[in-house]
Every structure is written in C-alpha cells, then in structure tokens.
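To start, the structure under review is shown below, and the notes come after it.
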Amino acid sequence: MNLFEMVREENLKQKRPLAERRKPRTLEDFMGQEEILGKGKLLRRLIEADRLTSIILVGPSGVGKTSLARIISNMTRSTFVTLNAVTSGVRDIKDVVDKAKRELETTGHGTILFVDEIHRFNKAQQDALLPHVEAGIVVLIGATTENPYFEVIQALLSRSMVFEMFPLSEEDIKLIVDKAIAEDEQLSIQNIILGEEEKDFIAQKSMGDARRALNILELAVLTTPVEEGKIILTKDVLSECTQKPFLRYDRDGDYHYDVISAFIKSVRGSDPQAALYYLAQMLVSGEDPKFIARRLVILASEDIGLAHPEALNISNAAFEIVNKIGMPEAQIALGELTIYLCLCDKSNSAYLAIKEAMSWVRENGVGNVPEHLMDSTKKRLSAISSAYNYPHDDPRGYFEQDYLPEGLREIEFYSPKYHGREKTLTDLWEKRKKKK
C-alpha cells in the first residue's frame, strides 16, 4: 500500500458513521440476544466450537444480524463469503459454490456463505442454493427481517436452524450509548454531557434498534456547538435529531418498522382512525400488501384470540384475497379487515397460555403420559389396564379424569380474559364442569 492509499484509507476510516465504528467485533462485545447467545446457549457453543450448521437469523433492523455474521467470520477457520440477495443472482451463487468446492478439495476448509436479506432471493435462486447446502459444500447463514416460514422455501428451512433475534432492551441501548461516548475514538476525546433523562429518551426513541440510537447520538453531537469546552445534549436537541433521519417512509428502511409498529398497536388499541392512517401511509408508499395482511393474521391470533375466534378465519380469508387479486383492489379488503379487527374485543390469553406452556416445558422437560391416555395399541401390547373414560358417553359431554402427568395436575397455563366470545365460551366450560 502506497502513501496515497494509506491516506485514503485513513480518511475513509475517519468518515465512517458512529454506528459502523461501534459494530461489535467479538461475542463479548455483542449486546442483547441472551436467549441465543448467552453463556452455554446452543448458537454460542456452535460459534465458539467452529461447528456452525446452516442457520437463519430473523429479526427487525438494528438487532445485530449482520454484526453477528461478521463476528462469525472473524472466529471461523472456514472461508467466509458474503452475498446480498438484492444485488446477487444465480450466477453469483454458482461462482461461490465453485470456489467452495475447490477450497474443500485443495485445503479441506469449508465455506460459510452469509446471505443478507435472504427473503429477497426468489424461488429459483433459493433452489439453486439448496443442493449445495444439503451436500455440505456451503454452510448457510441467512439474515432476514421477514418471517422465514413465508419467504424461505421449506426445503432450505428444513436444513437450517432458525434463530429469532429481538429488539434490544432499553438498558442494552443505554449501555451501548455509554460505551460509545467512553470508547469511540472520535467521541471519547470530547466532553459530552448526556444526562440520565436524555439517555432514557434515546433508549425509548430507538425502539430497540442500536443503529438508530447511535445515529441519534452522533447527529446530536455533530450539530451541538461546544460551550465552555462541553457538548451538552438536551432533550430538545435529541428530539430534533430523532426526527430528521426518518421522515420519509421507505419499505426497506428503518421507518418502515415504525409505521408497521404504529399500525399494529393502533389496531390492538381499537383505534380505527389511527389504524387507517398508517394503513394508507403504507399502501401509498408501496408497501407489500401481503406483508400487511400477514401481520394482521398474526394480530388476530395474538391480540384478539378467543375474544373473537372467528377473527383468525376472517383474517386468513382476507390474506388469501390479497394474495389472489393484488393491488389496487386489495386495499379494500385490507381496509375492511383493519376496521373489523379494531372493533373486535381483544384477548391475548391464548398467546400467553401457549407461551407459558412452552416456557415451562423448556425449563422442566416432559412427564410421562397417564396410562389411560396412552395409545390403545401400546396399551394392548403392554397389558396396561387403565381405562379411558370417553367424554361423549357422559351426558355432560365432559368426564372428570386426569389428563396431565402425575405431579403436574394443579398447573394452569390458561387464564381466561372474559372478553367477548371468550367470556361466553369460558362460562359454558365452567358450567359444564360443575354440572352433575
């Protein structure tokens, strides 16, 4: 490298945004995602042992998917290759595979292929990648902001482990901000005054996105004059800096997530006026109507649930309509569904119940199925004599018998909300149990 190249590299380094400069380089630097990267967790063990299998990282922007891929590239002995699904095609995939084969034959080293925004690969591109993942020629790391079960072909998913990454907590965001002020080579030489209240403000406005938090901080520092040797960051300054980068809706950018978040929360909050405003903003800006419809299907199950069980079927029907007819007519179905879901009673009892049950099973394992509930063939072969009481033989259509394993019979995962249809269903259920 000659002198001019060295100067250019140094200038580029100085001009890198704060969010780029602060990207974690090791697992110890990585903030959040304790569910998958905490000490002893499976993904962390795979990375540290350099035994990574194909994985899909799914989560919103700014949670660290690309940063984690970079950390893996620094820790693995395998060749690490990156493709962006937006700009790459089948030809690029073939080139990577050809080089991976040669690398395997000549050095014995494997190849890890990181595909950013893998949901942008169409079926043909994913099909082109599949046999090489299946054969172990490449280990795939796919990153996506979309639901992989909708956007990634089933055959590729079945050969990959899916790890969900969540927005960072406010405490994580504040720690990232503190470390940036203390450790960044450009910020640490300045006397930056950031109070706890102002730090809380950044954490709240960043909505779990580390990149956004650092962008707010950097813009505030750059636009605040030095007074008596200090840069004092006030809430007013931070508020202005929060708005400036995110004024335009961009279906591929951060504001996209703000709008869909506001839309879902408006429906959850039963405000059709606000929900229609955000729906219109997304449709006018060119958002994929199928993306909106999918989110409403999820909301019908998670937030309306048993209060209006039919909402899930109606939402699924609307999704099918949107998928079949497309825009502009799809906007009518989306508008109708949005208003309907706003007007429905809300209950998240089913969501909380299955979440609680799965958490319990993960932590405690499974118990033995009671003998009278075992498969009838197994009971005959093993001479198990416990009788199963057929509920339809009881006039109530309900028979009091043990369904849970021994020792778990007092456990309760489901707590009724007594809203809408759920109240009717729960009242009938309780009445049926008490009836003699």
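Here is how the numbers come out for the structure above:
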{"item": "Selected residue (criterion: surrounded by the fewest Cβ atoms within 10 Å (Cβ to Cβ)) from residues of region 259-289 that are among the charged types (D, E, K, R) and assigned to a helix (DSSP H, G or I)", "result": "265"}
{"item": "Residues of region 256-304 that turn out to be free of Cβ contacts under 8 Å to residues at least 24 places away in the same chain and touching a Leu at 6+ places or on another chain (Cβ under 9 Å), as a count", "result": "1"}
{"item": "Any hit, region 52-71, residues being more than 21 Å from residue 148 (Cα to Cα) and modelled with pLDDT under 90", "result": "no"}
{"item": "Verdict on residue 100 being closer than 17 Å to residue 81 by Cα, assigned to a strand (DSSP E or B) and assigned by TED's automatic domain parsing to the domain that holds residue 60", "result": "no"}
{"item": "Sole exception among (1) at pLDDT below 80; (2) out of contact with any Ser or Thr (no Cβ under 9 Å at 6 or more places or on another chain) for residue 358, by number", "result": "(1)"}
{"item": "Some residue of region 413-435 being out of contact with any Phe, Trp or Tyr (no Cβ under 9 Å at 6 or more places or on another chain), modelled with pLDDT under 70 and not acidic (Asp, Glu)", "result": "yes"}
{"item": "Options 216, 176, 202; residue that is modelled with pLDDT of 90 or more, outside the structural domain of residue 117 (by TED's automatic domain parsing), in contact with a Ser or Thr (Cβ under 6 Å, 6 or more places away or on another chain) and crowded, with 18+ Cβ neighbours inside 10 Å", "result": "216"}
{"item": "Residue 44 being of a type outside the set (A, V, I, L, M, F, W, C), at pLDDT 90 or above and not in a loop (DSSP other than H, G, I, E, B)", "result": "yes"}
{"item": "Count - residues of region 118-157 that are free of Cβ contacts under 8 Å to residues at least 24 places away in the same chain and in a loop (DSSP other than H, G, I, E, B)", "result": "2"}
{"item": "Flag for residue 298 being crowded, with 19+ Cβ neighbours inside 10 Å and closer than 24 Å to residue 148 by Cβ", "result": "no"}
{"item": "Every residue from region 54-85 that is in a loop (DSSP other than H, G, I, E, B), of a type in the set (Val, Ile, Thr) and under 20 Å from the mean Cα position of the chain (by Cα)", "result": "63"}
{"item": "Test: residue in region 314-331 that is surrounded by fewer than 15 Cβ atoms within 10 Å (Cβ to Cβ), touching a residue at least 40 places away in the same chain (Cβ under 8 Å) and touching a helix residue (DSSP H, G or I) at 6+ places or on another chain (Cβ under 8 Å)", "result": "yes"}
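Okay, residues lined up against (1) closer than 20 Å to residue 268 by Cβ; (2) at pLDDT below 85:
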site	(1), (2)
296	yes, no
299	yes, no
308	yes, no
318	yes, no
330	no, no
334	yes, no
354	yes, no
370	no, yes
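The values are calculated or read from the model by the stated rules, or taken from the named source; none is laboratory data. Please read these numbers as outputs of a predicted model, since none were measured by experiment. With ideal geometry, Cβ positions are generated from the backbone for all residues, glycine too; neighbour counts draw on all protein chains shown.
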